[in-house]
Amino acid sequence: MLTNKTILDIITIAGSQQKLADLCGVSQMTISKWLNGGGINARYIPLLAQASQGKFTPEDILNELSNP
């Protein structure tokens, strides 16, 4: 599962949970679930990487999912 730290870092870069939600096409509640350890569908990995503005690659995020 993606670590809370990674999601928190991406939220910080995006500006807010709502802004990240808008970038990913999901609700703010979904971002909150991700932040609190909820599962993340693989289709959102590229969007999360893009929202991180280069801090995380899709591979970085997938590694976090594979090695919690």
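We did not get these values from a lab; they are worked out from the coordinates using the rules stated. All values reported here derive from a predicted model rather than from experimental measurement. Positions of Cβ are backbone-derived with ideal geometry, glycine not excepted, and every protein chain shown enters the neighbour counts.
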Anchor K55: aspartates and glutamates whose Cα lies under 16 Å away (excluding residues fewer than 8 positions away in-chain): D9, E64
Rank Q28, I40, S66 by how far each Cα sits towards the positive end of the charge dipole of the chain (+1 on Lys, Arg Cβ; -1 on Asp, Glu Cβ) and give me just the farthest. Q28
About the Cα centre, and with charges only on the beta carbon of Lys, Arg (+1) and Asp, Glu (-1), how big is the dipole of the chain? Nearest 20 debye, please. 140
Extension gain, S32 back to S66 (0.36 nm per residue minus Cα-Cα distance, nm): 10.2 nm
Given the -39500 (n - 2.57) contribution per DSSP H run of 4+ residues, what per-residue ellipticity at 222 nm results for the chain, rounded to the nearest 500 deg cm²/dmol? -17500 deg cm²/dmol
Among G39, G25, G54, residue whose mean-square fluctuation peaks in a GNM of the chain (springs only between Cα atoms under 10 Å): G54
